[in-house]
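The structure under discussion appears below in the form of structure tokens.
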Amino acid sequence: QELAAIFSDWNRTELESYLIDITAQILTKEDEVSGNGFVVDKVLDKTGMKGTGRWTCQEAAERSVPCPTITAALDARYLSARKDERVKASTILDGPSEVPSVDKGQLLEDVKSALYAAKICSYAQGMELIKGASTEFDWNVNLGECARIWKGGCIIRAGFLDRIKAAYVKNPDLANLLVDPDFAAELNARHLSWRRVVTLAFACGIPCPALSASLNYLDTYRRARLPANLTQAQRDFFGGHSYKRTDQEGDFHTAWTDSHKDIGDLAERNLADVSGLQKS
């Protein structure tokens with residue numbers, strides 16, 4: 001009942017959405033079959049699926065569009081389906097034995113902020129996927145109109161879709177929803193709360209795949225320089241895939257050891273690159 005009240009309260013804030021609303025309703029439904037407790041506690045923790053999440057992740061991979069939150073949510077379903085394995089693993093694998101002490105009021109505020117920030121990242125990824133397909137197939141999709149249409153009736157409808165629409169109306173060429181000034185300000189104001197929630201979940205051994213994936217997306221996108229240089233160097237070492245330099249134009253290959261030899265024409269070797277790296 002307390003959780004239901006919290007979700008109900010959140011549904012009157014910036015978190016207002018269909019899924020928050022039905023979560024509050026689900027949490028209050030008493031179990032009429034057993035006559036004891038709530039239905040949600042009797043539901044087997046094994047999530048089904050119809051394939052839309054898998055198709056979305058496949059399309060993202062085909063477009064080279066990062067959608068880690070959606071992928072993490074899908075993987076969580078796959079893991080939940082391995083119920084028998086998880087039951088056995090619970091008797092073998094250890095988790096944290098002590099739970100950190102936290103202030104309940106602060107935790108609720110932090111979770112609220114974390115959920116909202118993660119939602120922004122999730123919608124940003126979805127918009128980027130649609131934009132990627134629109135560019136590839138010359139669909140000329142109006143992303144602001146997408147946000148408006150979703151408000152008309154689907155499970156991802158939410159109050160802040162109006163703000164997403166406004167962001168794309170203001171700047172149709174917006175590189176990513178995260179850099180819209182208004183959404184950027186909200187992420188900047190909430191990220192510390194978000195980090196506290198993810199850190200606490202890890203410390204308690206509680207999986208939070210979508211929350212943490214969204215945070216990783218934010219932290220990766222906001223970095224001017226990433227350790228991807230080491231990954232690309234490894235690719236050149238084991239496969240002669242070449243790399244670009246920060247100080248010179250062109251493609252380069254290094255003879256990392258005495259066993260490495262000239263690999264021939266780099267441009268020809270890079271023709272099969274599908275990442276977009278060689279085009280940038």
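So how many residues does the range 129-162 have that are open to solvent by 30 Å² or more (accessible area, probe 1.4 Å), part of a helix (DSSP H, G or I) and not aliphatic (A, V, I, L, M)? Even if it seems obvious, please write down each step before you answer.
At the first step, the residues of the range 129-162 found to be open to solvent by 30 Å² or more (accessible area, probe 1.4 Å) are 130-131, 135-142, 145, 148-157, 162.
Those left that are additionally part of a helix (DSSP H, G or I): 130-131, 135-137, 145, 148-150, 162.
Imposing the further condition that a residue be not aliphatic (A, V, I, L, M) reduces the set to 131, 135-137, 145, 148, 150, 162.
Total meeting the criteria: 8.
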Residue within the range 241-253 that is at pLDDT below 95 and in contact with a His (Cβ under 8 Å, 6 or more places away or on another chain) present: yes
Tally of residues being closer than 16 Å to Glu109 by Cα, open to solvent by less than 50 Å² (accessible area, probe 1.4 Å), free of Cβ contacts under 8 Å to residues at least 60 places away in the same chain and part of a loop (DSSP other than H, G, I, E, B) across the range 1-34: 1
Long-range neighbours under 8 Å by Cβ, at least six apart or interchain, first residue among the charged types (D, E, K, R) within the range 251-263, second in a loop (DSSP other than H, G, I, E, B) and open to solvent by less than 100 Å² (accessible area, probe 1.4 Å): Asp251/Ser242; Lys261/Ala255; Asp262/Ala255
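For the range 85-95, enumerate the residues that are closer than 21 Å to Ala210 by Cα and surrounded by 10 or more Cβ atoms within 10 Å (Cβ to Cβ). Walk me through how you get there before you give the answer.
First, pick out the residues of the range 85-95 that are closer than 21 Å to Ala210 by Cα: 86, 95.
Once the filter is applied, which keeps residues that are closer than 21 Å to Ala210 by Cα and surrounded by 10 or more Cβ atoms within 10 Å (Cβ to Cβ), the range 85-95 yields only Arg86.
What's the total number of residues in the range 41-75 that are acidic (Asp, Glu) and more than 24 Å from Ala175 (Cα to Cα)?
Initial filter on the range 41-75 (acidic (Asp, Glu)): 41, 45, 59, 62, 75.
Subset that is more than 24 Å from Ala175 (Cα to Cα): 41, 45, 75.
Total meeting the criteria: 3.
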Residues (out of contact with any Lys or Arg (no Cβ under 9 Å at 6 or more places or on another chain), of a type outside the set (S, T, N, Q), within 30 Å of Tyr221 (Cα to Cα) and assigned to a loop (DSSP other than H, G, I, E, B)) located in the range 35-94: Gly51, Pro66, Cys67
Qualifying residue in the range 100-118 (condition: outside any helix (DSSP H, G or I), free of Cβ contacts under 8 Å to residues at least 60 places away in the same chain, over 14 Å from Leu15 (Cα atoms) and not β-branched (Val, Ile, Thr)): yes
So Lys112, is it modelled with pLDDT of 95 or more, closer than 30 Å to Asn188 by Cβ and of a type in the set (Lys, Arg): yes
Residue under evaluation Phe38, criteria (1) surrounded by 14 or more Cβ atoms within 10 Å (Cβ to Cβ); (2) more than 20 Å from the chain's Cα centre (by Cα); (3) within 30 Å of Ile130 (Cβ to Cβ), criterion not met: (3)
Those helices (runs of 4 or more DSSP H) lying entirely in the range 166-280 with at least 1 residues under 18 Å from the mean Cα position of the chain (by Cα): 181-204, 209-221
Which numbered condition Lys151 misses (of (1) touching a Phe, Trp or Tyr at 6+ places or on another chain (Cβ under 6 Å); (2) under 18 Å from Ser17 (Cβ atoms); (3) without any contact (Cβ under 8 Å) to a residue 60 or more places away in the chain): (1)
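The values are calculated or read from the model by the stated rules, or taken from the named source; none is laboratory data. Note that the coordinates shown come from a computational prediction; the quantities given were computed from them, not determined experimentally. Counting neighbours? That spans all protein chains shown, and the Cβs are built from the backbone with ideal geometry, glycine included. Side chains are part of the model used for accessible areas, which takes the heavy atoms of the whole protein and leaves out ligands, DNA and RNA. Shrake-Rupley method; radii C 1.70, N 1.55, O 1.52, S 1.80 Å.
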